[in-house]
Amino acid sequence: MTEEERQARFMERLERGEKIEATDWMPDEYRRLLLKLIHMHGVSEIMGAFPEKEWVPRAPTLKRKLAMMAKVQDEMGHGQLLLRVAEDIAAPLGKTREDLVTDLIDGRVKFHNVFHMEAPTWADAGVIGWLVDGAAIINQAALLETSYGPYARVLKRICAEESFHMQHGENIILALTGGTDEQRRMLQDAVNRWWESLLFFFGPVEVTEAARKMIQYKIRTKTNEELRQQFFNKYVPRIRSLGLTIPDPDLRYDEKEKRWRFTPPDWKRFSEIVRFNRGPKSRDRIRLRRFAHEEQRWVRKAMVRSGAAQSVV
Amino acid sequence: MNHGDSGRIQYDVFEVFVQKTQADPHVHMGSVVAPSPDMALHTARENFLRRESGVNIWVVPRREVTATPYDDPDYFAREMDRKYREVSGYSENGRLWKMYREKAMHLDDIVRDLEEKPLRDR
């Protein structure tokens, strides 16, 4: 079979709605696009645990502390599931799990902009669960239909667990809105702080070449803008129902165009944050990630040796 | 601590099967990487049973799994009509029983009736 015939047969499989598996033949381009997406998704889950873990020792009650710890565990667990999927895709390219992890600490793979930002107050912890996880769920739910089987399967579990994060975040912000004036002010400040990051999170409005290819390969089915509009539909009314103000005086629903008009986030500033790890917390969190990876290398090695010893016995 | 030796650490891949209750079969959940079967069990519990309950976990080194190919649809071919093997192949029973003023009986009815408490306990 020639390369063209293989490619054509592959596209036919996608057209029939078939899922692709790790051991199937796939075009190099498909493999690289998948790896880029899932690698970034995986490391973002891991980096997503950092702003949250900062709130574990400072959570206001024991129940909140337990729930924050559960979230941190979930994010790390999601990272593990996704890196597992990514490393099977990466293996034919000669890349290993170790490479996928060091790519993160050496700045060769990006992670989501929201995890570069500060979470200075308890309301930020709430807004992360409510709106950041809310935005992430829209993104991930849209990927449940993905053409890559192993990714679709882990996304099912991830979405189910993210829905707990969403409820937990809503519970925190509902407690704050029912609290004192100071608590409501703190919540409004957090919403102001996160709004622009949330808009950037969905990516550029224009459909990039990579995004177009991913849609063609049915790796994803929706454009960034479709997902951002979905976020507005779901969240603008809820944010306003709490008496909170969205920090964009130009945000409005255009009845004629059937879409939300909004002030664009500072694309340049945020893309520099993710490309060069130049956000307010990027360096600190990567340093901590590097520390965990390097200082525990001896533990991983010792475990490999004891595992080998076991198999001899 | 020795940092000089940055030799690559390669863990094995283990496929994970979880049994929810002893009335259920083990179900494939996904896979983990681990340095030993013991650590694979531990990682599997942390990855797949943070919320759900289970009574048993199997971890199987992936290289030990023998599987069918995905790209050979003929392997699972169903060229013959298999209605004769299935409940749905006998839907005419309902119409036939009607002639005798009776209804078709199904497994669900039997199970439900068995689950109902005996009259004397009501």
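The values are calculated or read from the model by the stated rules, or taken from the named source; none is laboratory data. Everything numeric in this text was worked out from a predicted model, so none of it was measured. With ideal geometry, Cβ positions are generated from the backbone for all residues, glycine too; neighbour counts draw on all protein chains shown. Areas reflect the complete protein model, heavy atoms only, side chains present, ligands, DNA and RNA absent. Shrake-Rupley method; radii C 1.70, N 1.55, O 1.52, S 1.80 Å.
Is it the case that some residue within segment A:175-192 is among the aliphatic types (A, V, I, L, M), outside any helix (DSSP H, G or I) and over 21 Å from A:P265 (Cα atoms)? No: segment A:175-192 contains no residue that is among the aliphatic types (A, V, I, L, M), outside any helix (DSSP H, G or I) and over 21 Å from A:P265 (Cα atoms). Looking only at residues that are within 20 Å of the chain's Cα centre (by Cα), at negative phi and assigned to a loop (DSSP other than H, G, I, E, B) in segment A:210-242, which one is surrounded by the fewest Cβ atoms within 10 Å (Cβ to Cβ)? Here the answer is A:T221.
Checked against (1) closer than 29 Å to A:L174 by Cβ; (2) touching a residue at least 40 places away in the same chain (Cβ under 8 Å); (3) part of a helix (DSSP H, G or I), A:T245 meets all criteria but (3).
For A:E170, the conditions (1) charged (D, E, K, R); (2) within 14 Å of chain B (Cβ to nearest Cβ); (3) in contact (Cβ under 8 Å) with a residue 12 or more places away in the chain are fulfilled apart from (2). Among helices (runs of 4 or more DSSP H) entirely within segment B:8-122, having at least 1 residues that are under 22 Å from A:Q73 (Cα atoms) and hydroxyl-bearing (S, T, Y) singles out B:37-48. Scanning segment B:14-33 for residues that are more than 8 Å from chain A (Cβ to nearest Cβ) and open to solvent by less than 20 Å² (accessible area, probe 1.4 Å) turns up B:F14, B:V16, B:V18.
Among A:E295, A:E257, which is open to solvent by 50 Å² or more (accessible area, probe 1.4 Å) and over 26 Å from A:E45 (Cβ atoms)? None of the other options fit; the residue is A:E257. The residue of segment A:140-198 that is modelled with the highest pLDDT, among those that are among the small types (G, A, S) and either open to solvent by 60 Å² or more (accessible area, probe 1.4 Å) or on the phi > 0 side of the Ramachandran plot (or both), is A:G178.
When B:R51, B:R78, B:R85, B:R101 are screened for being loosely packed, with under 14 Cβ neighbours inside 10 Å and either among the aliphatic types (A, V, I, L, M) or within 14 Å of chain A (Cβ to nearest Cβ) (or both), only B:R51 passes. Selection of segment A:88-130 for residues being touching a strand residue (DSSP E or B) at 6+ places or on another chain (Cβ under 9 Å) and open to solvent by less than 10 Å² (accessible area, probe 1.4 Å) yields only A:I89.
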